[in-house]
Amino acid sequence: MTGDPPPSSPHDPGAEHALRIERRWASVAVLIVIFLIVMAAVAGVHQATMPQLKLELVDPRTLHVSGEFIESNLGTAVEPDGSVTVRAIGQQYSFVPQCIVVPTDTVVHFRATSGDVVHGFLIDGTNLNTMLIPGFISTATARFSTPIESHMPCHEYCGVGHEGMWGKVKVIDKAAFEKLAADRRRLTCVD
Ligand code: CUA
């Protein structure tokens, strides 16, 4: 036996130092949790969560028969305020429309839902990423600054044909889009 105090003694300067470091890191962990809670709250208030917290319901059994998502209403529509609204549905195993066309430098509202099971809705190269859930309308807003052509793969496993389920998004110059929109109610780039 020696005269040294046991390492866990509260008077051990080494143990006290360790305790201080531990408290410091514990407060860092608490601050991170608080930051995440604040971030979730802000995203909720600004409706930036995907899927949205605000629920809009739709009957998946009658999508093709009546309402906002009938086939003749799908595609890109020009709104009176100058923005455009894209309406689309996901179903095993395709998107309708298969090719979405939108203008540059314009606020684009996406409204989409599923006719059967959960699908993913994601535009490659952008942060637009949500789920299509039967019974709910998923919404997202975007603005594209440059013309791009992007893929839109389904990224939620939805059955045996999942890997073959994808669409295309073409962002075209605003002037070219306006020319196309002049004589059409709904636009797509389906050949
Ligand atoms: Cu639709 Cu995976």
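The values are calculated or read from the model by the stated rules, or taken from the named source; none is laboratory data. The structure presented is a predicted model; accordingly, all values stated were derived computationally and were not measured. Positions of Cβ are generated from backbone atoms using ideal geometry, with glycine treated the same way; all protein chains shown enter the neighbour counts. Accessible surface is based on the protein model in full, side chains and every heavy atom, while ligands, DNA and RNA are left aside. Shrake-Rupley method; radii C 1.70, N 1.55, O 1.52, S 1.80 Å.
Condition check ((1) within 16 Å of the ligand (Cβ to nearest atom); (2) open to solvent by less than 80 Å² (accessible area, probe 1.4 Å); (3) modelled with pLDDT of 95 or more) across all residues:
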position: Gly44; (1), (2), (3): no, yes, no
position: Thr49; (1), (2), (3): no, yes, no
position: Leu53; (1), (2), (3): no, no, no
position: Leu57; (1), (2), (3): no, no, no
position: Val86; (1), (2), (3): no, yes, yes
position: Gly90; (1), (2), (3): yes, yes, yes
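Can you tell which of Val190, Val117 is within 16 Å of the ligand (Cβ to nearest atom), hydrophobic (A, V, I, L, M, F, W, C), outside any strand (DSSP E or B) and more than 15 Å from the chain's Cα centre (by Cα)?
Details: Val190 fails: within 16 Å of the ligand (Cβ to nearest atom).
It is Val117.
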Some residue of segment 133-145 being away from the ligand (no atom under 16 Å from the Cβ), open to solvent by 10 Å² or more (accessible area, probe 1.4 Å) and either touching a Cys at 6+ places or on another chain (Cβ under 6 Å) or of a type in the set (Phe, Trp, Tyr) (or both): yes
Entirely in segment 36-98, the strands (runs of 3 or more DSSP E) that have 2 or more residues that are in the same structural domain as Val117 (by TED's automatic domain parsing) and under 20 Å from Asp183 (Cα atoms): 75-78, 84-91
Residue match in segment 159-176 (condition: more than 18 Å from Ser72 (Cα to Cα), away from the ligand (no atom under 16 Å from the Cβ), of a type in the set (Val, Ile, Thr) and in a loop (DSSP other than H, G, I, E, B)): no
